[in-house]
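> Structure incoming, see below.
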Amino acid sequence: MSYYKDYKEKVLKDPEVKKEYDALQPEYDLIQAMIDARISENLTQKELSERTGITQADISRIENGTRNPSLAMLKRLAEGLGMQLRLEFVRKPMKP
């Protein structure tokens, strides 16, 4: 397991941290999906930058959560990864 995953598992045991994390879950999911896709294609941030015309610095900012990409930028990233962007709405689990 990666250092990040170990750390995440540890800090999410704190109820306050978990509440805040859950509020940001869509952003974290997007970031992780982008990182996973880039790695699965064996691309560095620089290589993805060259394919998309998005600066490596912006790709880094997106991946570390300090930049929120537009839908247009997400489409460019998906294209550069040789993938299709798919967004969906899913029902929240019902609270007891």
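We did not get these values from a lab; they are worked out from the coordinates using the rules stated. This structure is a prediction, so every number in the text was calculated from the model and none was measured. Reconstructed Cβ throughout: ideal geometry from the backbone, glycine too, with neighbour counts over all protein chains shown.
> Here are some residues: Leu24, Leu77, Leu71. Which one is touching a helix residue (DSSP H, G or I) at 6+ places or on another chain (Cβ under 7 Å) and of a type in the set (A, V, I, L, M)?
Being touching a helix residue (DSSP H, G or I) at 6+ places or on another chain (Cβ under 7 Å) and of a type in the set (A, V, I, L, M) holds for just one of Leu24, Leu77, Leu71, which is Leu77.
> Go through the range 55-73 and count every residue that is crowded, with 16+ Cβ neighbours inside 10 Å and of a type in the set (A, V, I, L, M, F, W, C).
Residues in the range 55-73 being crowded, with 16+ Cβ neighbours inside 10 Å and of a type in the set (A, V, I, L, M, F, W, C): 3 in total.
> Suppose we filter Arg86, Arg76, Arg61 for residues that are among the charged types (D, E, K, R), under 15 Å from the mean Cα position of the chain (by Cα) and in a loop (DSSP other than H, G, I, E, B); which single one remains?
Details: Arg76 fails: in a loop (DSSP other than H, G, I, E, B); Arg61 fails: in a loop (DSSP other than H, G, I, E, B).
After ruling out the rest, the residue left standing is Arg86.
> Scan the range 77-84 and give yes if some residue there is in contact (Cβ under 8 Å) with a residue 24 or more places away in the chain, closer than 17 Å to Ile35 by Cβ and out of contact with any Leu (no Cβ under 9 Å at 6 or more places or on another chain), otherwise no.
Yes - at least one qualifying residue is present in the range 77-84.
> Here are some residues: Glu27, Glu16, Glu50, Glu9. Which one is among the charged types (D, E, K, R), in a helix (DSSP H, G or I) and under 22 Å from Glu88 (Cα atoms)? First the steps, then the outcome.
Working: Glu16 fails: under 22 Å from Glu88 (Cα atoms); Glu50 fails: under 22 Å from Glu88 (Cα atoms); Glu9 fails: under 22 Å from Glu88 (Cα atoms).
Testing whether each residue is among the charged types (D, E, K, R), in a helix (DSSP H, G or I) and under 22 Å from Glu88 (Cα atoms) leaves just Glu27.
> Could you grab me the full set of residues in the range 1-54 that are of a type in the set (Phe, Trp, Tyr) and either free of Cβ contacts under 8 Å to residues at least 24 places away in the same chain or exposed (fewer than 10 other Cβ atoms within 10 Å of the Cβ) (or both)?
Scanning the range 1-54 gives Tyr3, Tyr4, Tyr7, Tyr21.
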